[in-house]
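The structure appears below as structure tokens.
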Amino acid sequence: MNAVLEALAMVATTEVAIAVLASAVYGMVIGALPGLTATMATALLVPVTFYLSPIAAVATIITSSAMAIFSGDIPGCLMRIPGTPASAAYTDEAYALTRKGQAELALGASLWFSAIGGIVGTVCLMVMAPALAEIALSFSTYEYFWLSFLGLMCATLVARSSPIKAIAAALLGLLVACVGIENPGGVPRFTFGSVDLLGGIEALPALVGVFAVSEVMRAMASAPPPPIPNRRFGSILAGQWALTRRYQKQMWRGNIVGVLIGALPGAGADMAAWVAYATSKRFSAEREKFGTGHPEGLVESGAANNSALAGGWVPALLFGIPGDTITAIAIGVLYMKGLNPGPTLFTEKASSMYALYLIFIIANVLMIPLGIMMIRASRQVLRAPRAGAMPLILLLCAVGAFAIGNNAFAIVLVAAFGVLGYMMERNGYPVAALVLGIVMGTMVEQNLVTSLIKSDGEILPFFDRPVSSALAALTITALLWPAGVWVLRRLQPREAAR
């Protein structure tokens, strides 16, 4: 009870209130602009968090990402252009409702069920994380090695592109994590005589470049979106209670799917939305109505994408393993603010954890009034000139990279990783796998070396503990999965020829 009261005192400050409100408006605007993702919105906030208290800093990440995931539905509904990848799964369905004259119903469903999904996901986070922390306290370096390696391999299982390309991207991320002398041997690696690289490549400038600069390059290379139709909106939440009662089963199923997929390293809200929409269509009694403006799919996938955000924080807070690209950035902010992820975070800094839970709930409750205001103001926001917004974003990336460490070399890193991220996306290599490699490379290496020192070079201790052996089996399965898929694809044409 004392921890809860301390958490309330942490949240009930002017700094946190301003941080939550400002980041909420900021996330709404960024998410509504086509081509600017929730991850990019989070990356641009990193330099701002440098000057905030720990709770206020994490509050900006939580609030802006939740708002951006919802507001990405607005251009999808009105112009058939998803504002964020999480909105792409049901953009056609929402736009079909708009063409039928039911834009208010589509936007209201996105807003209402996103808020419910976020709150349900937060409750799951509050229940799951402390219980898993009790188990994690018994983990040794062997379990942490397999767990971090498994998180790395999960990127190959959830990648929409070729699993081989996902493994290649993850290996590239591991190579980036090897740069510098911050390794167990203390030996300079891949520095090429550069003094700037001796300290390694910081994760935050790399993430800002991969997510923000590459998004700007992609937006500038694509055609501008069509103008939004000029129309007045009626009541936004009218009919949402009727949808809630009619599609209760779909709503709860979407919440569960979102939490489970959000907890998978590298998956995220966009994967949760696609799976939830496909599940809704598969088990619907009115499957033929999907694609014609049927709200059932909006209910399930809208609940899934925001519940996945909270689910992604479970592995991030417990083990420092990012559930998605947003929590990959959040982990860097947590370390910067002294809230080092791990099971002891729930025992030594319990009040900070309760404060984060409260911010999750506040952000999702605040989403409803701000979302209504954003929908009504969408005509003005969506008319923002791309030629003016993109240079401003690039300027923020450069200033933010310099502010993180007062190092001009960080600006060069941001630019280099921006080009790298753009080229990878253009050629079908998943950026999420690269991010996992960068963030978790050090964790994998340190636990491997420490375990080998403890076992005097023996491999058997990696497998002789029950939890360690189970994690090893899962990791090896994930590692061999791409090869198995490749073999099956090679065998199928031969069988068909026979």
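No other residue among Ala88, Ala106 is under 21 Å from Ala278 (Cβ atoms) and under 23 Å from the mean Cα position of the chain (by Cα) apart from Ala88.
Scanning segment 424-459 for residues that are charged (D, E, K, R) and under 19 Å from Val213 (Cα atoms) turns up Glu425, Arg426. I'd like to verify a number: residues in segment 359-398 that are open to solvent by 50 Å² or more (accessible area, probe 1.4 Å) and at pLDDT 75 or above, how many? Residues in segment 359-398 being open to solvent by 50 Å² or more (accessible area, probe 1.4 Å) and at pLDDT 75 or above: 10 in total. Number of residues in segment 333-349 that are aliphatic (A, V, I, L, M), at pLDDT 80 or above and outside any loop (DSSP other than H, G, I, E, B): the value is 3.
For segment 327-345, indicate whether the set of residues that are crowded, with 21+ Cβ neighbours inside 10 Å, touching a Pro at 6+ places or on another chain (Cβ under 6 Å) and on the phi > 0 side of the Ramachandran plot is non-empty. No - not one qualifying residue is present in segment 327-345. Being farther than 19 Å from Ser114 by Cβ, of a type in the set (Phe, Trp, Tyr) and open to solvent by 10 Å² or more (accessible area, probe 1.4 Å) is a description that does not apply to Tyr26.
Taking the condition farther than 30 Å from Thr141 by Cα and aliphatic (A, V, I, L, M), does Met440 pass? Judged against the criteria, Met440 is not a match. The numbered conditions (1) part of a helix (DSSP H, G or I); (2) more than 22 Å from Leu52 (Cα to Cα) are all true for Ala398 except (2).
For segment 470-498, taking the residues that are within 14 Å of Phe145 (Cβ to Cβ) and surrounded by 14 or more Cβ atoms within 10 Å (Cβ to Cβ), the one that is modelled with the lowest pLDDT is identified as Leu479. Being part of a helix (DSSP H, G or I), surrounded by 21 or more Cβ atoms within 10 Å (Cβ to Cβ), touching a Ser or Thr at 6+ places or on another chain (Cβ under 8 Å) and free of Cβ contacts under 8 Å to residues at least 60 places away in the same chain narrows it down to one of Gly76, Gly118, Gly83, so name that one. Exactly one of Gly76, Gly118, Gly83 is part of a helix (DSSP H, G or I), surrounded by 21 or more Cβ atoms within 10 Å (Cβ to Cβ), touching a Ser or Thr at 6+ places or on another chain (Cβ under 8 Å) and free of Cβ contacts under 8 Å to residues at least 60 places away in the same chain, namely Gly76. Against the conditions (1) within 23 Å of Val213 (Cα to Cα); (2) surrounded by fewer than 24 Cβ atoms within 10 Å (Cβ to Cβ), Ser64 satisfies every one except (2). Considering Ala285, Ala330, the condition of being among the aliphatic types (A, V, I, L, M), outside any helix (DSSP H, G or I) and either within 20 Å of Arg253 (Cβ to Cβ) or modelled with pLDDT of 85 or more (or both) is satisfied by Ala285 alone. Considering segment 284-315, the residues that are surrounded by fewer than 24 Cβ atoms within 10 Å (Cβ to Cβ) and small (Gly, Ala, Ser) include one that is farthest from Ala38 (Cα to Cα), namely Ala285.
Against the test of being at pLDDT 75 or above, of a type outside the set (Asp, Glu) and open to solvent by 40 Å² or more (accessible area, probe 1.4 Å), the options Ala272, Ala206, Ala276, Ala242 yield a single qualifying residue, Ala242.
When Tyr90 is tested against the conditions (1) open to solvent by less than 10 Å² (accessible area, probe 1.4 Å); (2) under 27 Å from Leu21 (Cα atoms), the lone failure is (2). Selection of segment 346-358 for residues being open to solvent by 30 Å² or more (accessible area, probe 1.4 Å) and of a type outside the set (Phe, Trp, Tyr) yields Thr347, Glu348, Lys349, Leu358. Just one of the listed residues (Ala276, Ala272, Ala238) is under 23 Å from Glu104 (Cβ atoms), in a helix (DSSP H, G or I) and of a type outside the set (Val, Ile, Thr), namely Ala276.
The values are calculated or read from the model by the stated rules, or taken from the named source; none is laboratory data. None of these values were measured; they are calculated from a predicted model. Glycine gets a Cβ as well: all are built from the backbone with ideal geometry, and neighbour counts include every protein chain shown. Each accessible area value is taken on the protein alone, full model and side chains, heavy atoms only, with ligands, DNA and RNA left out. Shrake-Rupley method; radii C 1.70, N 1.55, O 1.52, S 1.80 Å.
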